[in-house]
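Worksheet: the structure to be examined is printed underneath.
The values are calculated or read from the model by the stated rules, or taken from the named source; none is laboratory data. On a predicted model such as this, the values are computed, not experimentally measured, just so you know. A quick note on method: Cβ atoms are made from the backbone with ideal geometry, for glycine too, and the neighbour counts reach across all protein chains shown. These area figures cover heavy atoms from the full protein model, side chains too; ligands, DNA and RNA do not enter into them. Shrake-Rupley method; radii C 1.70, N 1.55, O 1.52, S 1.80 Å.
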Amino acid sequence: QPWKPEREAAAEPGPDRPATEPPGGGPRGGVEAEGSPIQEAEVERRQVALVLVVDRSSSMNTSVRGIATRMDFAKRAAFETALRLGPGDELGVLAFGVRAYEVLPLGPVPEEAVVQRELEALRAIDGQTILGGAVGRAFAWLRESKAAVRHAVILTDGDRLDAGDLTLAQSAARRMGE
């Protein structure tokens, strides 16, 4: 798996590290919550178009608790999210910094190795965080998709966002929701 932190985080929860499971295991640990039986249900699966928009500004090189960089976490989150897509779904990946960069055009989900290679190649080297163009391009891609469910997910630390550009990005995001 790509972007595995070089040193593992401490296993014990503490004030800076919340527990990853509810006390006693809980539903995530495979234990049913008392009075809440887990029931299987049929769910209609609809085609998904997903555009991942990844910040490649230099602030993404900041280390998080000495474990990995913000970019490492963004790439890992993007990769894990892409793995959840199914047959017939669509994936697109954009990066942004001083401008929008096409990483993977929106289309059928590529093989896992292709997604991994393209995300792994991303570097946090741009001096600015210009989000508006990337959100606008994501909107254009999603508008053309025939998928029933269309989403853009932005992976950013939010540092160095230009106020005017942020307004442009918010406007594009509102249009996406209409």
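Tell me the strands (runs of 3 or more DSSP E) entirely within region 44-114 that contain at least 3 residues that are of a type in the set (A, V, I, L, M, F, W, C), open to solvent by 10 Å² or more (accessible area, probe 1.4 Å) and closer than 24 Å to R143 by Cα.
100-108
Does region 126-140 contain any residue that is assigned to a helix (DSSP H, G or I), at pLDDT 95 or above and among the aromatic types (F, W, Y)?
Scanning region 126-140, I find no residue that is assigned to a helix (DSSP H, G or I), at pLDDT 95 or above and among the aromatic types (F, W, Y), so the answer is no.
What do you reckon, is D157 within 16 Å of the chain's Cα centre (by Cα), in contact (Cβ under 8 Å) with a residue 60 or more places away in the chain and open to solvent by less than 50 Å² (accessible area, probe 1.4 Å)?
yes
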